[in-house]
Amino acid sequence: MKKYLIIAAAIVFALSGCKNTPAETPVKKVDAQKFFKENIEKVETLCMEERASDEAEFFGATYTYVDIDKDGVDELYVRDDASDSGWLLCCGADTLQLVAAENFKLHLSQLGNILMLAGSAGTGTFYSGYYEIVNSSCVGPDFFELNEFVWGTEDSTRTVYHPVTDFDGDYPEEKTRPFFDKVNELKKTADWELLNEGKTFKPIWELNGKIPEDEQE
């Protein structure tokens with residue numbers, strides 16, 4: 001009898017513990033394609049604010065959807081090939097977010113759920129910015145890496161790791177190292193691939209619904 005009382009007490013204790021443990025909040029599944037269409041003017045504003053070239057045109061651009069973090073919610077990737085510009089936007093939690101913008105030097109590529117904006121920064125320096133996408137949002141801080149050619153040194157190159165948001169501050173390596181360790185692990189299973197490779201792009205007017213006169217029949 002005593003044995004059964006102990007078992008019963010254990011069950012009650014376990015159930016009471018489960019009852020008091022808050023359940024994880026489920027990630028809201030945003031209808032990304034609907035969201036971007038309804039917020040097309042904000043998308044244009046963000047893209048034009050971050051354009052590297054005055055020749056970059058939003059409504060002369062094309063777009064495609066790509067699910068970076070494989071959570072079932074698309075991200076929006078816009079390309080203006082005429083000016084070699086591009087933009088990647090997220091809509092996690094119903095919030096519009098511009099992750100990164102390409103220009104004629106820096107281009108986006110993907111490794112798992114991490115984006116890299118990389119290219120020449122001039123004067124013997126190669127720049128790489130990294131952006132991690134989780135639940136259709138860019139989680140920070142965003143890190144960058146500089147591989148600099150240094151004259152007169154035995155190694156000839158040096159690598160500087162920093163979060164983009166703290167460029168002027170002193171950021172300890174123990175904060176950056178876990179992120180780059182994760183990147184290095186991903187590199188063992190896959191290679192960086194350009195974001196615009198193998199994607200089917202559509203005219204941007206298909207996204208906003210306004211057909212330009214020269215496209216009308």
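Cβ-to-Cβ counts within 10 Å put 114, 133 in ascending order as 114, 133, the fewest first.
The order of 48, 116, going from fewest to most other C-beta atoms within 10 Å of their C-beta, is 48, 116.
For the range 52-129, applying the loop criterion from DSSP together with a ceiling of 15 other beta carbons within 10 Å to the chymotrypsin sites (Phe, Trp or Tyr not before Pro) yields 59, 104.
Could you compute the net charge surrounding residue 104? Neighbours are other residues with a C-beta less than 13 Å from the C-beta of residue 104; K and R count +1, D and E count -1. Around residue 104, the charge tally is -3.
The fewest-to-most ranking of 84, 74, 181 by surrounding Cβ atoms within 10 Å reads 181, 84, 74. In this structure, residue 126 and residue 33 have a Cβ-Cβ separation that, at R0 = 30 Å, corresponds to a calculated FRET efficiency of about 0.25. The slack between residue 191 and residue 139, meaning 0.36 nm per residue of separation minus the straight C-alpha distance, is 16.5 nm.
Every number here is computed from the coordinates shown, using simple stated rules; none is lab data. Everything quoted here is computed from the prediction, not taken from an experiment. So basically every Cβ, Gly included, is an ideal-geometry build from the backbone, and we count neighbours across all protein chains shown.
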